[in-house]
Amino acid sequence: MSRATAWVAGLVAGFAATGAVSGLLWRTRLHAPDGIVVGGQWYSGSTHEDSFASTGWYVVIAVAAGLLLGIAAAWLSRAPEVLTLAAVLVGSLLAAWLMRVVGLHGAPPDPARAAAHAADGTRLTGTISRPGVAAFVTWPLAAVLAVGAVFLLLGERPTGEEPR
């Protein structure tokens, strides 16, 4: 295995691990709303700020992690820039998915099914608001912008491989 291939594999694995850890961090910031059943329907007692908080915290954590990893990847890279950029893109997409999966693991189910069979006045915990598709661009956008900025500022870096 060449040095560049090992770098790419390690970079993708590092992004994946950071995505999983970010999901655990994100989970600590999430709040499942409480609600009440009326006429077979569940009504949340939360506000729009509560549902925004889920996506907002996802974005804040993803941007911070993506920027830090992107800068580190570009700064430490001895592989060709295109390979590093491709690894960061793939790794950041994987990190975005893992952050969501890990963060929402064990979240309460949607209360609508239980509400259909519950008596009026029953209190039920709602599910956690899922971030929209737009939130998934935060990881790749932050990471790729960071890599691009560092590569542009530093110029050409040695790859560590002998010229052929």
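Against the numbered list (1) open to solvent by less than 70 Å² (accessible area, probe 1.4 Å); (2) modelled with pLDDT of 90 or more; (3) in contact with a helix residue (DSSP H, G or I) (Cβ under 8 Å, 6 or more places away or on another chain), Val90 comes up short only at (1).
Before we move on, is Val37 buried (at least 18 other Cβ atoms within 10 Å of the Cβ) and in contact with a strand residue (DSSP E or B) (Cβ under 9 Å, 6 or more places away or on another chain)?
Details: buried (at least 18 other Cβ atoms within 10 Å of the Cβ): yes; in contact with a strand residue (DSSP E or B) (Cβ under 9 Å, 6 or more places away or on another chain): yes.
It is true that Val37 is buried (at least 18 other Cβ atoms within 10 Å of the Cβ) and in contact with a strand residue (DSSP E or B) (Cβ under 9 Å, 6 or more places away or on another chain).
The sole residue among Leu24, Leu30 that is in contact (Cβ under 8 Å) with a residue 24 or more places away in the chain and buried (at least 16 other Cβ atoms within 10 Å of the Cβ) is Leu30.
Just give me the residues in the stretch 56-87 being basic (Lys, Arg) and either crowded, with 17+ Cβ neighbours inside 10 Å or in a helix (DSSP H, G or I) (or both), in sequence order. If the condition is that a residue be basic (Lys, Arg) and either crowded, with 17+ Cβ neighbours inside 10 Å or in a helix (DSSP H, G or I) (or both), then no residue fits. Applying the criterion of being under 20 Å from Thr18 (Cβ atoms) and touching a Gly at 6+ places or on another chain (Cβ under 7 Å) to the residues of the stretch 102-139, the residue that is surrounded by the fewest Cβ atoms within 10 Å (Cβ to Cβ) is Val102.
The values are calculated or read from the model by the stated rules, or taken from the named source; none is laboratory data. Because the structure is predicted, anything quoted here is derived from the model rather than measured. Neighbour counts run over all protein chains shown; Cβ positions are idealised from the backbone, glycine included. Note: areas computed on protein heavy atoms with side chains; ligands, DNA, RNA excluded. Shrake-Rupley method; radii C 1.70, N 1.55, O 1.52, S 1.80 Å.
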